[in-house]
Amino acid sequence: MQKMLKNSLVYMLAAALMMTVIGAGFSEAVSASGNIQILKSDYAVVDRKMKVTVDVYNSGSGSQGGAVAIGKDEQGNPIEIKGKSQYMSKNSTAVFEILLDSGASVKSVEVLPTGNKIDVALLGYGSRINGDYLEVTGAVENGQSGQTAGIVVFGLDKQGRTVEVKGAHAYISNGSVGNFNVQLKRKELIHTVKVEATGDANAITLLGFGQTVISGKTVVTASVENGGSGRPVGVVFEGYDSNGKLLEVKAAHQYLAKQSVGNYEVTLQAGSQISTVKAFATGKASHLELLSFGSRLVDGKWSVTSVIENGESGLTAGAVVQGFDARGRLVEVRAANQYLSSQSTGNFERVLLAGNQVKKIQVRAAGGYQVPKAWGYGIYQANGRNFVTTAVTNGSKGQTITVKVTPYNARGKSMSVKTSKKYISANGTSEFQIALDGGSAHASVTMYDENGQVVTMPSVSGIDVEIDGVLQSYEQPPVNLGGSILVPMRSIFEALGSEIKWNGATRSVTSEKNGVVIKLTIDSKVATIQGKQITLNTAPTIVNQATMVPIRFVSEALGADVIWDADSSTVRITTKK
């Protein structure tokens, strides 16, 4: 009798597991595979919430098990999902009660078992309007050992463009279910949503970003997962116009534990001028690094934004902005600084008053020096007057820095000397501006530390050189003399694969490559190629003790193609390999 009863119970259980009946607020079903199976579920509105009751059976060994309930509207669209799980012993049945906040808005419920996954898996998601937000709920099962996992939600407009991104995360033990609720602000713009599970990244990973224009400004959101050890992590957002010019950059960062997700939102002031946004994650720098910078004209002045990441221990970092004219001459120098902790990013913004006098802008990251470092000086005109600007990054101790400006008139006669003093803290970066008297045509600048020692004022150029797409770096920057670009002799010859011999007695250089012999002489416009004389537009010369040669002549003589990009003040050289 007991055996017959036992067999009967087994038969009834098996029949129940094989049968699927859908009725008003009631179902009996079972998953096709896995030890955790749904025996029965029903649902009803109780106290304005949809109460879902689920009977779950574990046919395997003891493990976490449970169920998720997916509430759907009249059209069958998922509007809310929520799950529950607990430890279930072998061959046991548990009853779960799940409350869906959507209440009577739920017209049908789909129930799925949990506890059968072997990795981090998204079980489902739903979305609905809830007051001022588009509320998205998602459930994630963690089939691995306990870890942090979650979801990232993408809000898409009717054209499929991402307008908002936001994520959520929590610690989920092995076999357990995590419920996540994300509220998107741009409900009037979002047509559909896409949801993905997080928790599998093995490095700092940008999960996605979206953009929209609100009140004339571009609002950008993004989510990042930290697949490494806990550290500050962030995102840099770059706004480009329709011609691909980088107008504005801005970053945000926060501390993220391993496998957690960070949400970021910034506002770009360029607004509708921005056609495209790009983004990338931060937290990977190993030193003080300029990540990006952009510039745009606002009311006749250049607004320059930049982002610097500090990959070292905490220090005061500076951003130095240099504005050059069409000939590559330094016109204006501005600077700003702030303290950056390790792996954090800083946003810097400075305005160049020279406006249209500036044709090219460079930004430098500054900090961590033992002695003061100057950044060159420029002269610009405004309201009929000349102004000298310069900047310095202090060394390892705070001190007063003095700037001496000696103006000259158009005939080269010196005028009244101007000075300016500032106390600058250790590693601080500061700018100086000195107004010159009327009649001043140009000036020289000398900078002193507190001991009266001269701070070396470097020669700065806005001219760049690229060889086969690789930006070159010269100790003495390129110069524009008489309409010709000159660069350090040894650097250009060696970069183009040519051997050189210097004759100090005749002040000449001889180069040979593939049987082609070239000879140039300092201060002489006469050069030779294979013994044939060529007249140069500008003679080789000495600049700051560096021998400088015309880059176009040298490059073309060695068989390379040369293009001058006036918009970016860049010499682009392509070798013939």
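Any read-out appearing in this document is the output of simple, stated calculations on the displayed coordinates, not a laboratory observation. None of these values were measured; they are calculated from a predicted model. Please note: Cβ atoms are built from the backbone with ideal geometry, for glycine as well, and neighbour counts cover all protein chains shown.
Residue ranges 323-332, 218-227, 187-196 sort as 218-227, 323-332, 187-196 when ordered by packing (mean number of other C-beta atoms within 10 Å per residue, highest first).
Note on the range 303-460: percent of Cα-Cα distances in each 5 Å bin, starting at 0 and stopping at the bin with the largest distance, equals 2, 9, 18, 21, 20, 15, 9, 4, 2, 1, 0. Note on K525: lysines with a C-alpha under 24 Å away, same-chain residues under 8 apart excluded, are K501, K513.
Each Lys or Arg adds one and each Asp or Glu takes one away; over the other residues whose Cβ falls under 10 Å from the Cβ of L288, this sums to -3. Along the axis of the charge dipole computed for the chain (Cβ charges of +1 for Lys and Arg, -1 for Asp and Glu, origin at the Cα centre), the listed residues S59, V487, V177 are led at the positive end by V487. Pairing the Cα long axis of helix 2-18 with the longest principal axis of the chain, what angle in degrees results, from 0 to 90 and rounded to the nearest 10? Rounded to the nearest ten degrees, it is 40. Taking the Cα centre of the range 25-125 as reference, the dipole from Cβ charges on Lys and Arg (+1) and Asp and Glu (-1) amounts to some 180 debye.
You can think of it this way: the chain between S89 and A410 has 106.1 nm of extra reach, that is 0.36 nm per residue less the Cα-Cα gap. With contributions of -39500 (n - 2.57) from each DSSP H run of at least four residues, the per-residue ellipticity at 222 nm computed over the chain stands at -1500 deg cm²/dmol.
Taking the centroid of alpha carbons for each part, the range 458-492 and the range 119-162 are 52 Å apart. Counting only DSSP beta bridges with both residues in the range 464-574, the antiparallel share comes to about 90 percent.
When the charge dipole of the chain is built from unit charges on Cβ atoms (+1 for Lys and Arg, -1 for Asp and Glu) and taken about the Cα centre, the candidate among V193, S295, T162 whose Cα reaches farthest toward its positive end is S295.
Take 551-562, 409-420, 515-526, 386-397 and order them by the average number of nearby Cβ atoms within 10 Å per residue, most first; the result is 386-397, 551-562, 515-526, 409-420. Extension gain, A104-H287: 0.36 nm per intervening residue step, less the Cα-Cα distance, totals 60.2 nm.
The calculated pair-distance distribution of the range 365-524 uses every alpha carbon pair, bins of 10 angstrom beginning at 0, and gives 9, 27, 27, 23, 13, 2 percent.
The ratio of the alpha-carbon radius of gyration of the range 117-284 to the globular-protein estimate 2.2 N^0.38 Å is 1.05.
Full extension of the chain between K194 and T535 gives 116.1 nm of extra length, using 0.36 nm per residue less the Cα-Cα distance.
Global dimensions of the chain from alpha-carbon coordinates: Rg and Dmax equal 34.1, 123 Å.
Coupling constants for the range 494-503 follow from the phi torsions by the Karplus curve (6.51 cos²θ - 1.76 cosθ + 1.60, θ = phi - 60°), and in residue order they are 5, 5, 9, x, 10, 7, 10, 10, 9, 10 Hz; glycine and proline get x. Among residues other than N263 with Cβ under 13 Å from its Cβ, the summed charge is -1 (Lys and Arg +1, Asp and Glu -1). An ellipsoid equivalent to the range 464-574, defined through the eigenvalues of its Cα gyration tensor, has semi-axes of 20, 16, 13 Å when rounded to whole angstrom and sorted largest first. Since only T282, W564, T446 are under comparison, the one whose Cα sits farthest along the positive direction of the charge dipole of the chain, derived from C-beta charges on Lys, Arg, Asp and Glu, is T446. Working from label points 7 Å from Cα in the Cα-to-Cβ sense, the I500 to N243 distance is 3.6 nm.
Taking all Cα pairs closer than 8 Å and separated by 6 or more residues, the relative contact order of the chain comes to 7 percent.
Can you spot the aspartates and glutamates whose alpha carbon is less than 18 Å from K532's alpha carbon? Ignore those fewer than 8 places along the same chain. Filter leaves E512, E556.
Taking the Cβ of F324 as the center, what net charge do the other residues with Cβ under 10 Å away carry, scoring Lys and Arg +1 and Asp and Glu -1?
+2
Packing here is the average count of other Cβ atoms within 10 Å per residue, and on that basis the peptides 128-134, 424-430, highest first, run 424-430, 128-134. In terms of distances greater than 22 angstrom between alpha carbons, the cross-link table entries K360/K397; K359/K413; K49/K82; K194/K284 yield K360/K397; K359/K413; K194/K284.
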